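J.: Just passing along the structure, written as structure tokens.
The values are calculated or read from the model by the stated rules, or taken from the named source; none is laboratory data. What you see is a predicted model, and the numbers here were worked out from it, not measured in a lab. So basically every Cβ, Gly included, is an ideal-geometry build from the backbone, and we count neighbours across all protein chains shown.
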Amino acid sequence: MAAFADRTYIDLSVASKPGWALGCDKCRYGLVNPPPVTVADTSTYLVRTYQAANDRLTFCDCQAGQAYRHYLRGRYADIKAGRDNVPPDMSRALTEAVTMPTLNGEYVR
């Protein structure tokens, strides 16, 4: 058994937030000028997943952007395969929300 002094302690306040995940000088958290999350009663994770699936997000080429792209692609695959429980009506609403043109007829990108 290791003595108390032999243990290595990790500062959990910084361990859970790797610096690269913040993005680079071109992005924020791997997204370049992301559209707003417009579905108020749904989690940001789901809205961003559907925005990515419908080509509404621009991912940075930095490590954060590529990791976020990979993560959201996997989450969308889980939803489509039924491994993540998103009811069909919510799925339709999210798809409509992220593909709906703005008042000027432009898509939010």
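J.: Consider the range 80-94. How many of its residues are surrounded by fewer than 16 Cβ atoms within 10 Å (Cβ to Cβ), assigned to a loop (DSSP other than H, G, I, E, B) and in contact with a helix residue (DSSP H, G or I) (Cβ under 9 Å, 6 or more places away or on another chain)?
T.: 3
J.: Which residue is modelled with the highest pLDDT, if the candidates are limited to the range 12-22 and must be surrounded by fewer than 11 Cβ atoms within 10 Å (Cβ to Cβ) and not in a loop (DSSP other than H, G, I, E, B)?
T.: Of everything passing the filter in the range 12-22, 19 is modelled with the highest pLDDT.
J.: Looking only at the range 27-63, which residues are in a loop (DSSP other than H, G, I, E, B), closer than 27 Å to residue 89 by Cβ and under 10 Å from the mean Cα position of the chain (by Cα)?
T.: 57
Quick grid of which residues meet (1) crowded, with 16+ Cβ neighbours inside 10 Å; (2) assigned to a loop (DSSP other than H, G, I, E, B); (3) within 13 Å of the chain's Cα centre (by Cα):
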site: 24; (1), (2), (3): no, yes, no
site: 65; (1), (2), (3): yes, no, yes
site: 70; (1), (2), (3): no, no, yes
site: 78; (1), (2), (3): no, no, no
